[in-house]
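The values are calculated or read from the model by the stated rules, or taken from the named source; none is laboratory data. All values reported here derive from a predicted model rather than from experimental measurement. A quick note on method: Cβ atoms are made from the backbone with ideal geometry, for glycine too, and the neighbour counts reach across all protein chains shown. Heavy atoms of the whole protein, side chains included, go into the accessibility calculation; ligands, DNA and RNA do not. Shrake-Rupley method; radii C 1.70, N 1.55, O 1.52, S 1.80 Å.
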Amino acid sequence: MGLASTGAPWFRASMSSGTFSLLSPRSPLSVPISPSRNVCLSSALLSRINNSYTWRRKFFSATLDCKASVYVQRRCTQNFRRSVTENRVRKVSCSLLKVEDGINDEACELVSGVELSLGEGADNIQAYLFKAVKNNNGTGILLLSDVFGFEDSSTREFAYRIACNGYNVLVPDLFRGDPWGRDRPKAMFEEWIGGQDPQRVAKDIESSTKWMVDEFVAAGISKKLGIIGFCFGGGRVIEVLARDRGACFGIGVSFYGTRMDPSIASKISVPVLFISGDDDPLCPVNVLRDMEKSIGSGAKVVLFGERGHGFAHRPASPEEDGDAEQAFTTMRNFLYDGLVVNKN
């Protein structure tokens, strides 16, 4: 606790429409900008952003190039904390890939993002790849989303933060363009999730894994991959590791996984970190403890008191924001020790 906030708004600059939008379902904003490659944020806009996210303190800037997205984070360390209203007016340049405001430039890390199309025909899936530019350690991580899909701002924000720590993070579309929507009646959820064929999802994860193996492992850049999942994706992490048995993945992190099968946990042969709240009915603590025992050495359960579902990547209060930061730090250290320091 007491660390900097994990949350941050996302922004999109549209060069064709001349709009600048805050990409968030909670507080959509849009203001006109000059249709050029340089985007200047006014202090009035920064104030509006800060007032809309009183518990989120880190500021991300993003611009869309004509062909691909380039995301630039102002800073990636945990020791730098300030309100966005304290920032000087910031200029984001698509072509120069840098942020210019003269403040703490040494702390700034760059992350590039690109949309990918994996596979062909009926096996084709969409994905998004975040790559660390300045401090890339060559390690690939597969991130499996919750039911809101790979385009969800909270998921991409989290993936961005991981990449900012030196990783290459692939986020595949597990739902083939049909994620669960917040505007859908809750009574329809079971029908919707039932329509997501487990074999098809497993095959898409396998295709994503193969792409990452070809990109990072076969090229000799990384010996093993890491895998992370939230909620629905957290449950799939267990299935993937049980099937993989250490062939491609060297470590896994499951955030409050749902619909998990504890009977297959004994097949997992790599370290797994389970992060959850102790008040999450979708991820019972006893199930996590059982899997921890089945996996044995290397498995670890980290529980956060009085926390429910989704707090680590969707914090909804200042208190949850603090625990979300601790959860991120725990995950980050776990990945670093298992994939960077102790390469298998």
| request: Give the stretch 114-160 a look and list any residue that's in contact with a helix residue (DSSP H, G or I) (Cβ under 9 Å, 6 or more places away or on another chain), assigned to a helix (DSSP H, G or I) and modelled with pLDDT of 95 or more, or say none. | output: THR155, PHE158
| All but one of (1) within 20 Å of THR329 (Cβ to Cβ); (2) open to solvent by 10 Å² or more (accessible area, probe 1.4 Å); (3) assigned to a helix (DSSP H, G or I) hold for VAL302; which doesn't? | (3)
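Results for (1) in contact with a strand residue (DSSP E or B) (Cβ under 9 Å, 6 or more places away or on another chain); (2) within 12 Å of ILE238 (Cα to Cα); (3) free of Cβ contacts under 8 Å to residues at least 60 places away in the same chain, shown as yes or no for each residue.
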| position | (1), (2), (3) |
| --- | --- |
| ILE251 | yes, yes, no |
| SER263 | no, yes, yes |
| VAL285 | yes, no, yes |
| LYS293 | yes, no, yes |
| GLY296 | no, no, yes |
| ALA312 | yes, no, no |
| GLY322 | no, no, no |
| GLU325 | no, no, no |
| Search result, residues across the stretch 245-282 that are out of contact with any Gly (no Cβ under 6 Å at 6 or more places or on another chain) and farther than 24 Å from ASN333 by Cα | ASP261, PRO262, SER263, ILE264, SER266, LYS267, PRO281, LEU282
| Tally time: how many residues in the stretch 201-244 are open to solvent by 50 Å² or more (accessible area, probe 1.4 Å), among the charged types (D, E, K, R) and part of a helix (DSSP H, G or I)? | 7
